[in-house]
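Below: one structure, written as structure tokens.
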Amino acid sequence: MTVVLFVAVLTIPLFADLEKYYLTDPIEPLMWTIWVLAWLPGWELMHRVLLPIHLNRLLPGKGWLLIPVFEGAYHLVKPWPETLGMIVFSFGLTAWTVYRKNACLPILMHIFIEVFLGFYLYFYFSK
């Protein structure tokens with residue numbers, strides 16, 4: 001899973017939409033870190049803990065399938081490769097959370113991709 005996320009970030013220059021979205025404005029590492037810490041814990045708590053519990057109460061056994069739809073809809077403002085990747089990523093990690101009753105792997109994978117993306121962008125712009 002980590003390799004897939006690693007490759008996903010490294011393919012940014014291969015897609016014009018992603019390149020335009022990510023590789024036009026330099027990032028400041030401290031601001032990137034503050035930004036990620038501001039939203040990531042809440043996002044993961046909501047999508048890997050609260051929504052699976054409550055959606056499965058509403059639609060037993062199938063409610064969790066709405067989470068990748070919600071996450072995909074949220075990412076529609078981003079380039080299509082990221083939106084598509086997010087839907088696939090969300091489906092796999094939400095299924096993991098629901099069936100294993102453990103949100104550690106999805107949370108760690110999301111942290112990993114954000115940290116790696118931050119490093120990638122930092123080193124890209126510091127050339």
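Output the residues belonging to the range 69-116 that are under 22 Å from residue 53 (Cα atoms), surrounded by 15 or more Cβ atoms within 10 Å (Cβ to Cβ), more than 11 Å from the chain's Cα centre (by Cα) and not aromatic (Phe, Trp, Tyr).
92, 94, 95, 97, 98, 103, 105
I need the helices (runs of 4 or more DSSP H) fully contained in the range 1-66, keeping only those with at least 1 residues that are more than 15 Å from residue 98 (Cβ to Cβ) and in contact with a Pro (Cβ under 7 Å, 6 or more places away or on another chain).
Output list reads 16-22.
Those residues that are within 17 Å of the chain's Cα centre (by Cα), surrounded by 12 or more Cβ atoms within 10 Å (Cβ to Cβ) and of a type outside the set (Val, Ile, Thr), I need them from the range 1-31; list them, please.
Of everything in the range 1-31, those that are within 17 Å of the chain's Cα centre (by Cα), surrounded by 12 or more Cβ atoms within 10 Å (Cβ to Cβ) and of a type outside the set (Val, Ile, Thr) turn out to be 1, 5, 6, 8, 18, 21, 22.
Yes or no: the range 32-49 includes at least one residue that is surrounded by 11 or more Cβ atoms within 10 Å (Cβ to Cβ), farther than 18 Å from residue 1 by Cα and at pLDDT below 90.
The answer is yes; a qualifying residue exists.
Suppose we filter the range 90-121 for residues that are assigned to a helix (DSSP H, G or I), hydrophobic (A, V, I, L, M, F, W, C) and within 14 Å of residue 64 (Cα to Cα); how many remain?
Total meeting the criteria: 5.
Show the residue pairs meeting these rules: Cβ distance below 6 Å; 6+ apart or different chains; first residue within the range 76-101 and closer than 19 Å to residue 17 by Cα; second residue assigned to a loop (DSSP other than H, G, I, E, B).
Close Cβ pairs (under 6 Å, with a partner that is assigned to a loop (DSSP other than H, G, I, E, B)) amount to 81/15.
Contact list please: Cβ distance under 9 Å, first residue in the range 38-49 and of a type in the set (Val, Ile, Thr), second residue in a helix (DSSP H, G or I) and surrounded by 14 or more Cβ atoms within 10 Å (Cβ to Cβ), pairs at least six apart or on different chains.
Taking only residues 6 or more apart or on different chains, the pairs are 49/97.
The values are calculated or read from the model by the stated rules, or taken from the named source; none is laboratory data. Here the structure is a predicted model, which is why all the values come from computation and not from measurement. Counting neighbours? That spans all protein chains shown, and the Cβs are built from the backbone with ideal geometry, glycine included.
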